[in-house]
Each structure stands twice: as C-alpha cells, then as structure tokens.
Amino acid sequence: MGEALMRDYEIGAEIGRGRFGVVRRCRSVATGEEFAVKSVDKRLLADSVDRECAAREAKVHGLAAARNPYAAQIYDAYEDDHWVHLVVELLDGPDLCDRIAARGGTPFPEPEAAAVVEALAEALAGCHRRGVAHRDVKPDNVLFDALGHLKLADFGSAQCFLDADGEWAPMSGLVGTPWYVAPEVVAGREYGEKVDVWSVGVVMYMMLSGGAPPFYGDTAAETFEAVARANLRFPSRVFRSLSPAAKDLMRRMLCRDVARRFSAEQILGHPWILSGGMSPVEGPSRDPSLSMESPEGSLLGLCA
Ligand SMILES: Nc1ncnc2c1ncn2[C@@H]1O[C@H](COP(=O)(O)OP(=O)(O)OP(=O)(O)O)[C@@H](O)[C@H]1O
C-alpha cells in the first residue's frame with residue numbers, strides 16, 4: 001500500500017474486488033470524510049490494452065466526471081512501482097445488478113426504469129461532451145449514492161475519442177463485457193462513443209425483461225455471434241404489457257447502424273423519457289421524427 005496514500009487516508013474494510021485489484025473504504029486524515037479507494041495491482045495487467053487503460057484511468061475519469069453529477073467523482077490518485085490507487089466517491093449501496101436481481105425476475109415498472117435510463121443518458125451525455133467514452137456500461141458499474149442518486153462508475157476501460165485538437169479519434173479493440181458490447185466492437189471495426197448507447201439499450205432491456213439480456217449465447221463466442229446478428233426481439237410472454245414507446249426507444253439504441261443509432265443526448269429527448277416512462281401524451285417532441293403517432297408495427301424495422 002502506497003506510503004503517500006497511507007499518509008493522507010486511513011484505510012478501512014474491503015468493499016469488493018475486481019479483476020485487477022481491490023476496493024476499500026477509506027477516511028481522509030485531514031477532513032474525516034469517507035471515500036472508497038480502488039487499488040489496481042499493475043503486476044496483474046498482463047495485456048497491453050489493460051495496461052494502457054490503467055495508466056490513463058485517473059486522467060480520463062477526472063475528465064469525464066468534471067461537472068458531471070451523474071458520474072462517480074474522483075478525488076485523488078497515487079502511483080508507486082506496483083500499485084495505482086484512486087480515491088473516489090463512496091457508493092456502497094446496492095448497484096443496479098443487485099437491484100435487478102432483488103426483483104427475482106419481475107420487470108421494473110416503466111417509470112422506475114425510465115428514471116435509471118434518463119440518469120444513465122445524462123451521465124453519458126456528460127462524458128461524451130468531454131470526449132470520453134466509458135466502454136463498459138453494465139449494471140455492475142451503475143452505482144447509487146446514499147440519497148439514491150445514480151452514479152456511473154469504473155472508468156477503467158474508458159478512452160478519449162477526441163484528440164487534443166478536438167478532432168475525432170476513433171477507438172478500436174475488444175473492450176467491454178460480452179452481453180453489453182456493441183456489434184461494431186465485436187466486428188473488430190473502429191468505433192465511437194455510441195458503443196455506450198448500445199450498452200444502455202441492453203441495460204434498459206434487462207430492467208424491463210426481469211433480467212434477461214437481448215443478445216445471449218451459452219459462451220462468450222456465441223454471445224458475440226448473437227450481438228453481431230443484432231436481431232432484437234420482444235417476446236410477448238415477457239413484454240406483453242410494455243408500452244410501444246419503451247420498445248421504440250430500445251430499437252433506437254439497439255440499432256446496428258451506428259449512424260441511425262441514437263446519441264446519449266437524443267435518448268433524453270425521446271417521448272418515453274420525457275413522459276417519465278408513462279404512456280406519452282401525443283404532441284410535439286424535441287425531435288419531430290420521434291412522433292409516437294405511428295402504430296407500433298410501423299416502428300418495426302427502423303433499425304437494422
Ligand atoms: N466508488 C465505489 N464505492 C463503493 N463500492 C465500489 C465503488 N467502486 C467500485 N465498488 C465496488 O467494488 C467492487 C470492485 O469494483 P471494480 O470497479 O474494481 O471492479 P469490477 O467492476 O467489479 O470488475 P472489473 O474491474 O474486473 O470489471 C464492486 O463490487 C463494486 O461495486
């Protein structure tokens with residue numbers, strides 16, 4: 001454990017473990033305030049992509065979380081020969097994964113799911129405005145503070161998609177978690193920040209299905225094949241009572257054609273979000289193409 005970290009913080013109990021390290025509670029010696037410290041063991045980073053991600057995590061996290069109330073805040077970073085320590089906002093309540101599991105297969109009520117999708121879209125719109133893609137959006141990385149406010153966490157896979165001059169710098173590499181990863185990532189193509197929107201679509205589907213993902217295989221390879229086909233279905237057994245507006249938004253996020261896929265900002269203007277997950281009242285929306293007047297059947301096929 002780094003000497004400088006131990007000088008500034010009292011280290012407390014372990015909260016959890018990831019692939020490369022451990023998260024513990026800690027308390028600032030100066031103020032008594034409580035935080036979480038994520039300690040990454042650099043010796044476990046065998047892969048060059050993982051090493052690059054760890055090296056830039058503090059910087060990219062700081063950039064993405066600045067003035068972004070929906071992102072876990074980062075306060076300090078320390079590095080020695082073997083460890084990187086990141087002092088972050090303490091968010092030790094149940095995460096979205098726990099919340100989905102706690103429902104035992106019962107779907108979220110639409111207004112509750114809409115509140116999560118809206119906060120997640122706000123978090124990502126903030127990251128994307130600053131040129132950062134998260135690249136690992138999944139329920140395990142959606143945490144909540146003591147007041148129940150959503151905070152997007154774990155910027156360990158995040159990357160800037162704009163260079164120092166603000167020019168588009170496409171990303172590459174198979175980064176993310178199989179159920180949530182976008183088809184262009186699986187295809188090995190260069191990709192942009194809309195990979196995060198795809199992942200939010202998967203998270204939304206899981207909340208509204210009671211935990212089942214939209215693209216699934218028994219192995220990671222089979223899951224990737226299902227993602228690459230991007231054949232989005234809403235089995236009536238599960239989705240019978242779901243509103244057409246909710247399905248429409250998922251089709252616009254889980255859309256294989258990246259150009260037609262929504263941005264995080266566009267999610268915020270969709271009628272399902274604007275109505276708080278209630279059946280939207282017909283009327284003008286921020287984007288005229290989002291009118292809900294068409295029958296549900298005609299919304300099919302909007303996305304490849
Ligand atoms: N800011 C935080 N406050 C409280 N608990 C946290 C915080 N950040 C992460 N955790 C918890 O610590 C555990 C490990 O998190 P970490 O981000 O290191 O790894 P992970 O996302 O589970 O796995 P991996 O990094 O391998 O994808 C998780 O259970 C997570 O919920």
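List of remarks:
- Accessible surface, per residue, of the chain when the full set of protein chains is kept, probe 1.4 Å, Å²: 47
- Percent accessible area from carbon and sulfur atoms, the range 3-88, protein chains only, probe 1.4 Å: 51
- Angle of helix 48-65 to the longest C-alpha principal axis of the chain, folded into 0 to 90 degrees and rounded to 10: 80°.
- Taking every alpha-carbon pair under 8 Å whose residues sit at least 6 apart, the range 3-88 reaches a relative contact order of 24 percent.
- In loop segments of the range 1-48 as defined by DSSP, the GluC sites (Glu not before Pro) with at most 16 further C-beta atoms inside 10 Å of their C-beta are E33.
- The average projected area of the range 96-275, computed from the convex hull of its Cα atoms over all directions, is 10.3 nm².
- Estimated 222 nm signal from helices in the chain, with DSSP H stretches of n ≥ 4 weighted -39500 (n - 2.57), rounded to 500: -10000 deg cm²/dmol
- Dividing the alpha-carbon radius of gyration of the range 40-156 by the rule-of-thumb value 2.2 N^0.38 Å gives 1.14.
- Hydrodynamic radius (Kirkwood) for the chain, which is based on Cα pairs only, to one decimal in Å: 20.1
- To put it simply, the accessible area of the range 185-249 at a 1.4 Å probe is 46 percent carbon and sulfur.
- Average Cα contact separation per residue, the chain, under 8 Å, 6 or more apart, as relative contact order %: 14
- Tensor-based shape of the range 3-88 (alpha-carbon gyration tensor, a/c under 1.5 rounded, otherwise prolate or oblate): oblate
The values are calculated or read from the model by the stated rules, or taken from the named source; none is laboratory data. In this text the structure is predicted, and so the values were computed from the model without any measurement. In this analysis, Cβ positions are derived from the backbone assuming ideal geometry, glycine residues included, and neighbour counts consider all displayed protein chains. Calculation scope for accessible area: heavy atoms of the full protein, side chains included, ligands and nucleic acids excluded. Shrake-Rupley method; radii C 1.70, N 1.55, O 1.52, S 1.80 Å.
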